[in-house]
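Okay, structure first, notes after.
Bear in mind these aren't lab numbers, they're just calculated from the coordinates by the rules spelled out. From a predicted model like this one, the values you see are computed outputs, not experimental measurements. Cβ coordinates were reconstructed from backbone atoms using ideal geometry, including for glycine residues, and neighbour counts include every protein chain displayed.
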Amino acid sequence: MPVDGESSQINELLLKPSEGKPITREDAYTLIRCSDKVLPETLRVAASIRDREKGRRISYSRKIFIPLTNICRNRCKYCGFRKDPSDSQANLMTPQEVAQIAMMGEKAKCKEALFTLGESPEQAYAETRDRLMKLGYRSTIEYLHDACELVLEKTALLPHCNAGIMSRSELGELKAVSASMGLMLENASERLCKEGGPHEFSPGKHPRPRLAAIEDAGQLKIPFTTGLLIGIGETPEERVDSLFAIKQLSDKYGHIQEMIIQNFQPKHGTPMQNFPEPTITDILKTIAVARIVFRGKVNIQAPPNLTRKFYPTLLSAGINDWGGISPITKDFINPEASWPPIQEVKESTEMLGFEFKERLPIYPEYIVSKREFIPQLLTDRILDFVDAEGYVKGDVVG
């Protein structure tokens with residue numbers, strides 16, 4: 001049977017990763033632009049790399065979601081989470097509220113306390129500065145540090161902080177009270193920050209300071225989560241450029257424990273409420289190219305609540321993790337997208353021939369063989385949770 005030009009080109013290109021060789025940026029451009037006809041072969045190679053280098057074990061983190069504040073200096077055109085202080089739904093949680101949610105999480109057998117919050121709202125709003133001052137803090141990050149300490153004092157949970165761009169000193173202070181931290185790159189394209197772009201009014205979403213913060217985290221040996229938000233107006237090539245920007249830092253510091261491939265979903269009332277979502281093909285291609293670019297060096301996850309109708313399909317593209325799933329709190333960033341029950345995710349995963357395992361917010365390989373990444377204060381707590389492979393002992397489903 002004759003082979004057309006594209007099939008021949010893709011098959012030849014895929015010989016590199018099949019043989020354990022790296023692909024170039026130009027190779028990745030070709031793969032992410034491949035037609036639906038040759039996509040199955042790209043997925044097959046990506047999945048085989050996952051199986052070879054990560055195995056057939058798919059992990060997740062059982063978490064409680066703590067939205068410390070939804071007030072933010074950025075105005076991303078797709079975000080439904082952020083509020084102005086004048087909005088009736090604007091909130092800065094009290095320490096009592098933080099402790100209450102954390103204790104609910106512990107009761108539900110969660111291990112991770114995911115702190116998510118708007119970026120540096122005190123820089124934009126006097127009302128937030130005043131509220132923080134009444135609580136005894138000069139900045140949201142100072143308050144976040146003590147909120148993490150409060151969770152550690154009141155519960156056995158492990159904080160994971162996702163607070164936007166932070167200074168090197170702020171990262172260092174939070175490292176002491178966080179099992180891991182995160183900052184989504186979203187995209188490395190400065191074009192998206194220009195007039196008309198989704199990040200036009202979001203100084204904190206400029207890729208240069210975000211990449212600088214991710215590099216600082218590497219120098220500080222912080223187990224770190226980052227990733228892409230796809231479908232916000234970027235080109236396929238810009239997705240590839242973003243992957244390679246992250247890979248450069250990952251290769252240098254070894255701190256990128258997790259890469260998220262997150263798909264945009266339109267939010268009612270936002271400037272991008274009528275913007276089209278990425279297709280399942282877009283998502284699969286991006287995951288597969290990410291796996292082929294990073295091979296086995298990084299864990300790759302995609303949130304199952306954002307692809308609720310077809311999330312098991314994502315396993316075919318090479319992910320090895322479902323991210324954090326909460327049995328009791330909603331996804332405050334995407335409240336319209338409810339979490340699938342953990343038991344359902346387990347059954348869907350095992351039905352496709354994979355093992356389903358619970359992990360901590362710090363990944364098993366960092367616990368087992370990269371002990372220098374574990375904060376000293378949390379070492380005993382983390383080790384008490386896990387087995388010899390770094391996964392949660394006696395994980396609970398349901």
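List the GluC sites (Glu not before Pro) within region 1-70 that DSSP assigns to loop and that have no more than 11 neighbouring Cβ atoms inside 10 Å. Spell out each step's value before the answer.
On the way: sites: Glu6, Glu12, Glu19, Glu26, Glu41, Glu53; in loops: Glu19.
Taking region 1-70 and a limit of 11 other Cβ atoms within 10 Å, the loop GluC sites (Glu not before Pro) found are Glu19.
The trypsin sites (Lys or Arg not before Pro) of region 301-383 that meet both conditions, a loop assignment by DSSP and at most 11 other Cβ atoms within 10 Å of the site Cβ, are Lys309. Compared with the dominant principal axis of the Cα atoms in the chain, helix 207-219 is inclined by about 80°.
Loop-located chymotrypsin sites (Phe, Trp or Tyr not before Pro) in region 155-245 (DSSP state not H, G, I, E or B) with no more than 16 neighbouring Cβ atoms inside 10 Å: Phe201. As I understand it, the value is the acute angle between the Cα axis of helix 39-53 and the longest principal axis of the Cα atoms of the chain; what does it come to in degrees, rounded to 10? Between the helix axis and the principal axis of the chain, the angle is about 60 degrees. Using a 4.7 Å Cβ-Cβ cutoff, the cysteines of the chain lacking any partner cysteine are Cys34, Cys72, Cys110, Cys148, Cys161, Cys193.
Would region 229-371 count as rounded, prolate or oblate if I go by the C-alpha gyration tensor, calling it rounded below 1.5 in a/c and otherwise prolate when a/b exceeds b/c, oblate otherwise? Cα axes put region 229-371 in the oblate bin. For Asn299, the residues 5 or more places off, or on other chains, whose built amide H falls under 5 Å of its own are Glu258, Met259. Among the listed pairs Lys77/Lys346; Lys77/Lys252; Lys297/Lys393; Lys54/Lys109; Lys83/Lys154, a Cα-Cα separation exceeding 31 Å is found for Lys77/Lys346; Lys77/Lys252.
With an 8 Å Cα cut-off and a minimum separation of 6 or more residues, compute the relative contact order for region 117-173 in percent. Averaging sequence separation for qualifying contacts and normalising by length gives 36 percent for region 117-173. Distance from the Cα centroid of region 164-209 to that of region 347-398 is 27 Å (rounded to whole angstrom).
Rounded to 0.05, the FRET efficiency of the Arg56 and Ile280 pair, given R0 = 25 Å and the Cβ-Cβ distance, is 0.65. Shape analysis of region 289-398 places it in the prolate category; the axes a ≥ b ≥ c from the Cα gyration tensor give an a/c of at least 1.5, with a/b above b/c.
What does the extension gain come out to for Gln123 and Asp146, with contour length at 0.36 nm per residue minus their alpha carbon separation? Before the final figure, lay out the partial values.
Numbers: separation 23, 0.36 × 23 = 8.28 nm, distance 1.96 nm.
Net length gain for the segment: 6.3 nm.
From its DSSP helices (H runs of at least four residues, each -39,500 (n - 2.57)), the chain gives a residue-normalised ellipticity at 222 nm of -12000 deg cm²/dmol.
For Val386, the amide hydrogen comes within under 5 Å of the amide hydrogens of Lys393, counting only partners 5 or more places away or on other chains and with H modelled in the peptide plane.
Could you sort 183-196, 58-71, 263-276 so that the peptide with the highest average Cβ count within 10 Å comes first and the rest follow in order? It would help to have the intermediate numbers written out before the result.
Working: 183-196: 17.7, 58-71: 23.9, 263-276: 14.9.
Ranking, from highest mean packing down: 58-71, 183-196, 263-276.
Using R0 = 35 Å, the C-beta based FRET efficiency linking Glu347 and Glu153 works out to 0.45. Remark: region 227-236, residue by residue, has Karplus-estimated 3J(HN,Hα) of x, 10, 9, 9, x, 9, x, 7, 8, x Hz, where x stands for each Gly or Pro and the curve is 6.51 cos²θ - 1.76 cosθ + 1.60 at θ = phi - 60°.
Given a cut-off of under 8 Å on Cα pairs at least six residues apart, what relative contact order in percent is computed for the chain? List each step's numbers first, then the result.
Values: 747 pairs, mean separation 87.4, N = 398.
Over the chain, the number comes to 22 percent.
The translational diffusion coefficient of the chain, from Stokes-Einstein at 25 °C and 0.890 mPa s with a Kirkwood hydrodynamic radius over alpha carbon pairs, comes to 115 µm²/s.
Cβ crowding within 10 Å, taken as a proxy for footprinting-reagent exposure, orders Thr128, Thr94 from fewest neighbours to most as Thr94, Thr128.
When you count the other C-beta atoms within 10 angstrom of each residue and take the mean per peptide, 203-210, 174-181, 27-34 line up highest first as 174-181, 27-34, 203-210.
Subtract the Cα-Cα distance of Met104 and Ala337 from 0.36 nm times their separation in residues, and report this length gain in nm to one decimal.
On the way: separation 233, 0.36 × 233 = 83.88 nm, distance 2.13 nm.
Length difference between fully extended and current span is 81.8 nm.
Can you tell me the 0 to 90 degree angle between the C-alpha axis of helix 5-18 and the longest principal axis of the chain, rounded to 10? In the chain, helix 5-18 runs at an angle near 60 degrees to the longest axis. Given R0 = 22 Å, the distance between the Cβ atoms of Arg138 and Ser86 translates into a calculated FRET efficiency of 0.45.
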